[in-house]
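Here is the structure we will look at.
The values are calculated or read from the model by the stated rules, or taken from the named source; none is laboratory data. This one's a predicted model, so the numbers in the text were calculated from it and none came from an experiment. Cβ placement follows ideal geometry from the backbone for every residue including glycine, while neighbour counts extend to all protein chains displayed.
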Amino acid sequence: MSTTFYTPGAGNTPFGEPNANPEASNYAQESGFSPTETLLLEKAVKQKIFDASPAQYKSLKLLFSKGFEEKTLTEFSYIEKTFGRSVLESQAGSAAVPAVPNTVQTQNITLTPASVGNFSLDMIIVYPDNSKATIVAIAGNVITVNSHTGFPLPAVVAGDIFAIQSTINADARDHVNIYTRMETVERYNYIQRFIRARRWGSFELQEWINAGKTNYLDMDKKENTEQLRVDMFNSFWNGQRGEVQLEDGTLAKAMGGIYPLMQAANAAEGFTTLAAFEDTFKALAFTTNFKAEGETRFIYGTDEMLHNFSEVFKLPQVRYAPNDEMANLNLEMIKLGTMKFVMVPCELWREESCFPADWQRRVIVLDQETVRPCKLKGKPAFDAGDTLDMRANGTLNDFKDWWVASQLSIEFNNPLASFILNIQ
């Protein structure tokens with residue numbers, strides 16, 4: 001029986017489309033006309049939830065396509081052989097010595113303390129102007145050199161860089177002055193553990209199973225996994241190697257990521273404006289080119305920064321076609337001389353909830369072959385599961401946790417073959 005009376009067409013009608021609002025209607029809550037809500041209408045909710053989170057994990061896909069290297073401990077070291085020679089740098093000036101026909105000229109050069117150990121007797125060094133001299137005496141960081149017969153020796157100023165051309169020997173000698181041993185560099189990293197979980201009360205979960213209008217539960221599980229991948233992505237690029245104390249006082253190992261490890265190894269890093277971007281990039285690319293001719297390095301940056309490569313270099317681009325189809329991610333490749341560079345978008349660098357703002361204008365050129373993902377032997381790289389059910393298993397925990405976990409570290413050989421470019 002109706003107890004509501006009204007006159008159709010009058011402005012005070014309690015019905016009509018503006019009042020046809022389900023419970024929790026956004027219109028009813030926002031409108032200044034205070035329309036009504038009714039439980040007789042069901043809120044129109046699309047069944048599938050749209051995933052608006054970033055999906056830029058191509059750098060991890062490239063990394064993981066190589067397979068994990070297993071370590072026996074969560075701390076691991078790896079040894080690199082050094083190049084075996086270094087430049088010499090002068091600490092003070094020396095006067096020029098003019099040439100005298102058929103005569104050897106002598107000069108003393110004071111080198112920086114850092115140069116000590118990088119030279120020996122009977123080595124030919126090369127001056128900045130390409131003059132040559134041979135080391136004939138050493139006293140601390142002061143070397144005495146002889147010119148070639150009949151040649152002058154140029155003036156030296158502080159900061160001059162001398163290359164080492166070669167050793168030299170003569171016939172009928174009874175001794176050797178040049179003895180060396182291979183030198184190595186120890187690098188190390190830690191394996192980091194990652195975990196995330198979702199908790200649902202047992203009755204709460206059943207209500208969502210019974211009456212859920214959308215695929216929220218499935219999307220919630222997926223989002224948990226996606227956020228774990230973001231954790232790994234962020235740590236792969238920007239993890240600071242070290243020890244972390246957690247809220248309960250327990251200690252954990254944190255992995256070192258690409259950028260901090262490059263900085264710790266004094267890898268080349270440039271700061272430039274967009275106007276000087278091309279020249280700076282080329283200089284760093286050639287300086288760090290330790291790969292075989294025609295080998296590939298990878299340029300990582302946001303879409304905006306990678307677009308600058310297309311705009312500035314105007315180089316023809318081809319589709320990158322790796323031998324391993326797992327890494328076929330529709331990436332573009334450019335060529336610079338004999339060098340090849342593949343552009344890999346890292347749009348998450350733009351997300352300030354993941355990276356500081358200066359990452360938006362940073363480019364990292366990485367020799368991908370020197371980076372390998374690592375995990376602890378005997379434990380899976382990725383794992384997932386849920387806790388025991390109270391009714392079926394007799395536990396007193398009246399809830400269910402869905403959890404995902406992973407582990408990751410990297411072995412990064414020769415960071416000096418990669419470089420960083422910051423565009424200001």
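Within the range 117-126, the set of residues being exposed (fewer than 14 other Cβ atoms within 10 Å of the Cβ) and in contact (Cβ under 8 Å) with a residue 24 or more places away in the chain is empty. Any residue in the range 180-197 that is out of contact with any strand residue (DSSP E or B) (no Cβ under 7 Å at 6 or more places or on another chain), under 26 Å from ILE258 (Cβ atoms), modelled with pLDDT under 90 and not aliphatic (A, V, I, L, M)? There is at least one residue in the range 180-197 that is out of contact with any strand residue (DSSP E or B) (no Cβ under 7 Å at 6 or more places or on another chain), under 26 Å from ILE258 (Cβ atoms), modelled with pLDDT under 90 and not aliphatic (A, V, I, L, M). With respect to TYR300, is the statement that it is of a type in the set (Ser, Thr, Tyr), modelled with pLDDT of 85 or more, surrounded by 15 or more Cβ atoms within 10 Å (Cβ to Cβ) and in a strand (DSSP E or B) true? Yes. Here LEU388 fits the description: touching a Gly at 6+ places or on another chain (Cβ under 9 Å), assigned to a loop (DSSP other than H, G, I, E, B) and free of Cβ contacts under 8 Å to residues at least 60 places away in the same chain. Only residues that are surrounded by fewer than 16 Cβ atoms within 10 Å (Cβ to Cβ) and either of a type in the set (Gly, Ala, Ser) or not in a helix (DSSP H, G or I) (or both) were counted in the range 220-237, giving 0. If only residues of the range 169-202 that are without any contact (Cβ under 8 Å) to a residue 12 or more places away in the chain and on the phi < 0 side of the Ramachandran plot are counted, the one that is surrounded by the most Cβ atoms within 10 Å (Cβ to Cβ) is VAL176.
The number of residues in the range 127-147 being assigned to a loop (DSSP other than H, G, I, E, B) and free of Cβ contacts under 8 Å to residues at least 24 places away in the same chain comes to 2. Of the set (1) modelled with pLDDT of 95 or more; (2) at positive phi, all apply to ASN266 but (1).
Take the conditions (1) modelled with pLDDT of 90 or more; (2) of a type in the set (Gly, Ala, Ser); (3) surrounded by fewer than 16 Cβ atoms within 10 Å (Cβ to Cβ); GLY337 misses just one of them, which is (1). Contact map, the range 266-280: residues that are among the polar types (S, T, N, Q) paired with residues that are exposed (fewer than 15 other Cβ atoms within 10 Å of the Cβ), Cβ distance under 6 Å, separation 6+ or inter-chain. Pairs shown: THR273/GLN424. Does ARG173 satisfy being under 33 Å from the mean Cα position of the chain (by Cα) and either closer than 21 Å to TRP403 by Cβ or in a loop (DSSP other than H, G, I, E, B) (or both)? No. When GLN240 is tested against the conditions (1) within 22 Å of SER353 (Cα to Cα); (2) exposed (fewer than 13 other Cβ atoms within 10 Å of the Cβ), the lone failure is (2). Among the numbered conditions (1) part of a helix (DSSP H, G or I); (2) of a type in the set (Lys, Arg); (3) under 18 Å from GLN192 (Cβ atoms), the only one that LYS253 does not meet is (1). Could you grab me the full set of residues in the range 232-255 that are farther than 18 Å from THR74 by Cα and over 13 Å from the mean Cα position of the chain (by Cα)? Matches in the range 232-255: GLU247, ASP248, GLY249.
Considering the range 210-219, the residues that are out of contact with any helix residue (DSSP H, G or I) (no Cβ under 8 Å at 6 or more places or on another chain) and in contact (Cβ under 8 Å) with a residue 60 or more places away in the chain include one that is surrounded by the most Cβ atoms within 10 Å (Cβ to Cβ), namely MET219.
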